[in-house]
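The block underneath contains the structure these notes are about, expressed in C-alpha cells.
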Amino acid sequence: MTMNIALDENNKLVSIEQVKRGFACQCTCFECGETVIARKGEIKEHHFAHASNKTSCTINTESVLQKYAKEVILESMGLMLPALPDSDNAAAWWSFETLLPEFSLGLIRPDLVGYFDGEPILIEIAVTHFIDAEKLKRIEIFKSKCIEINLSSLLKSNISIPSPDAKKEIIENLDNKKWVYPIQMEQSSTQQNPLVYPQIINTPQLISEQQNTLPKWQDYKFTVKGMHVNVRHFSSGMISVNSAYNPEIIAMLKEWRREGRGSYNPTYKSWNYWLPFSEKVLERLKALNE
C-alpha cells in the first residue's frame, strides 16, 4: 500500500488529501511511527514520505482497516446490530455506555468491549482472521454476548480508508455482522446446552427471578458487616454489586476489583466483576453473609 495514509497528532488515521503540505501535516508513519512529510506536488502522486528520507514502509492494509473500524465505533459510541439469535427483537442501533479498546476480560481480549445496560458486549473486527474454535470456546465459557464484524469485502473494495463511505459500511451495514454468542438454537441443535446460562446459586435470599423465559438476570441480597449488599447476576455471568457506603465494604470491593480486573460504574454506583472471577465474588459474599 502506497504511503497515502498516516497518523495525525491525535493518533487517528488521515489520508494525504486531508492534510496540509509538508511538515504542516503534523503526521507520523502508520507502521514505524517516524515523522512524515506530506508531499503534494504538481507532478508525482501525492503521498507521505519519511522525514529522514528512508525507504517508504509497507503498510499493512488489514491493520489499517482494523484501526479505522475501532476509531469510528469509538467515535460513534455505538453501531447497528442484527437481532439477537432466537429473540423477538429486531435489528437496532446499540448505544454503549462505555467503549473500551483491547480490554482484557479474563482470557479474552476482544478488539472492543461495549457496555450496554451494565453488561459487556464483545466486539471482534475480522478482516482476514476470524474467531477460531479456541477463542469461541473461551467466549462460550465467558457467556457474554459477542458480535463479529466481517470487513473482508471492504478490504477488497475501492472504498477509500478513511472515508464517510467506509465509516457507513462499518457502522450501519448489517450484512457484515453476526452474533457469535449466544448461539442460534438451530445452529447448535446437536450440542448439549446450546445456550448456557448461569445456574441459580444457593444464596440466602433470592429477591427476584424472571419466570417462563431464560433469565436476563437474578437479584440477590446479602448482609455483610451489618450492611445490605445487593447483587445482580446477569446471564453473561457478570455480577453487579451495590451497597450503602461503608468504608470496610468499599475497601473490600476495591480490592476485589484490582484482583479480578473488575470495574466501577459511577452511573449505577456498582462494582462489576466478570467470569471467571465473578463466581469467586459470589462465593465470598455467601461466606460473609450474616
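The values are calculated or read from the model by the stated rules, or taken from the named source; none is laboratory data. Remember, it's a predicted structure, so these values are computed and weren't measured experimentally. As a convention, Cβ positions derive from the backbone with ideal geometry for all residues, glycine included, and neighbour counts pool all protein chains shown. All accessible areas refer to the heavy atoms of the entire protein, side chains included, with ligands and DNA or RNA removed. Shrake-Rupley method; radii C 1.70, N 1.55, O 1.52, S 1.80 Å.
Given 0.36 nm per residue, what is the gain on full extension from HIS129 to ASP117 after removing their alpha carbon distance, in nm?
Result for the pair: 1.3 nm of gain on full extension.
What's the FRET efficiency of LYS44 with THR98 using the Cβ-Cβ distance as r and R₀ = 45 Å, to the nearest 0.05?
After rounding, the FRET efficiency stands at 0.50.
Give the relative contact order (percent, whole number) for the chain; include only Cα pairs under 8 Å separated by 6+ residues.
In percent, rounded to a whole number, it is 11.
Of all accessible surface on segment 1-87 at a 1.4 Å probe, what whole percent is carbon and sulfur?
Carbon-and-sulfur percentage of accessible area, whole number: 47.
Go through LYS269, LYS40 and list them by solvent-accessible area, largest first, probe radius 1.4 Å.
Descending accessible area places them as LYS269, LYS40.
Hey, what angle do you get for helix 277-288 against the long axis of the chain, alpha-carbon based, 0 to 90 degrees rounded to 10?
Result, in degrees: 30.
Can you give me the accessible area per residue for segment 16-142, using a 1.4 Å probe, in Å²?
Normalised by residue count, the accessible surface of segment 16-142 is 52 Å².
Let me know the charge dipole size of the chain about its Cα centre in debye, to the nearest 20, where only the beta-carbon of Lys, Arg (+1) and Asp, Glu (-1) is charged.
Around 600 debye, computed over the chain.
Ignoring everything but the protein chains, give the 1.4 Å probe accessible area of LYS178 in square angstrom, nearest 10.
The accessible area comes out at roughly 110 Å².
Could you calculate the contour length gain from ASP88 to LYS254, that is, 0.36 nm times the residue separation minus the distance between their Cα atoms, to one decimal place in nm?
55.9 nm
Convex hull over the alpha-carbon atoms of segment 1-64: what's its volume per residue in Å³?
With only Cα atoms used, segment 1-64 gives 78 Å³ per residue.
Please identify the longest segment of the chain free of exposed chymotrypsin sites (Phe, Trp or Tyr not before Pro), where exposed means a DSSP state other than H, G, I, E or B and no more than 16 other Cβ atoms within 10 Å.
With chymotrypsin sites (Phe, Trp or Tyr not before Pro) excluded where exposed in loops, the chain gives 1-129 as its longest stretch.
Express in whole angstrom the spacing between the alpha-carbon centres of segment 232-290 and segment 119-139.
26
Using the Cα atoms of the chain to build a convex hull, what is its mean projected area in square nanometres?
18.9
What's the angle, to the nearest 10 degrees (0 to 90), between helix 133-142's Cα axis and the longest principal axis of the chain?
Relative to the chain, helix 133-142 is tipped by roughly 40 degrees.
Counting each DSSP H run of 4 or more residues in the chain as -39500 (n - 2.57), what helix-only mean residue ellipticity at 222 nm follows after dividing by all residues, to the nearest 500 deg cm²/dmol?
Using -39500 (n - 2.57) per qualifying helix, the result is -7000 deg cm²/dmol.
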